[in-house]
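Written below as structure tokens is the structure these notes are about.
What follows is calculated from the coordinates using simple rules that are stated; it is not laboratory data. If you're wondering where the values come from, they're calculated on a predicted model, not measured in any experiment. Note that we place each Cβ from the backbone using ideal geometry, even for glycine, and neighbour counts take in every protein chain shown.
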Amino acid sequence: MHQTDNRTFTFKLFLWIYALLYVLAGLNHFISTDVYYAIMPEWLPAHSLLIYLSGIIEIGLGVLLLFSGVRKLAAILLIVMLISFLPVHMYMIQKAPFMLGKILVTPIIAWARLPLQALLIYWAFYYYNK
């Protein structure tokens, strides 16, 4: 396999992984809705609407990433979405420790979500630039 072919394969593989991550995360908003209620700050309005809407957006943006004509738009919208989720992650830090379904979210786990968000933002920015 030629080096350019390897790069193309790697690019597409990680693009599909990244897109699938959002589609699955979005579907999870409909499958495990109760989990999302547990991490919604009280000051946010319309929890049900926000949970389902964010699920739809995640699915849609994950799918749009796969199309080169709208990939830049999808990537920038993912960055905006991920930044908009930061208050939820900050709330989780304040609330920890707590049970999220069957998972104990400790302060360390809650804090670890912030670098994960940064990685996901960087990953979207990578696809924005390519």
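State all residues of segment 30-44 that are acidic (D, E) and part of a loop (DSSP other than H, G, I, E, B); if no residue qualifies, say none.
E42
Looking at the structure I just gave you, is K12 among the basic types (K, R), part of a helix (DSSP H, G or I) and surrounded by 13 or more Cβ atoms within 10 Å (Cβ to Cβ)?
no
Anything in segment 78-130 that is in contact with an Asp or Glu (Cβ under 9 Å, 6 or more places away or on another chain) and surrounded by fewer than 13 Cβ atoms within 10 Å (Cβ to Cβ)? List them, or say none.
G101
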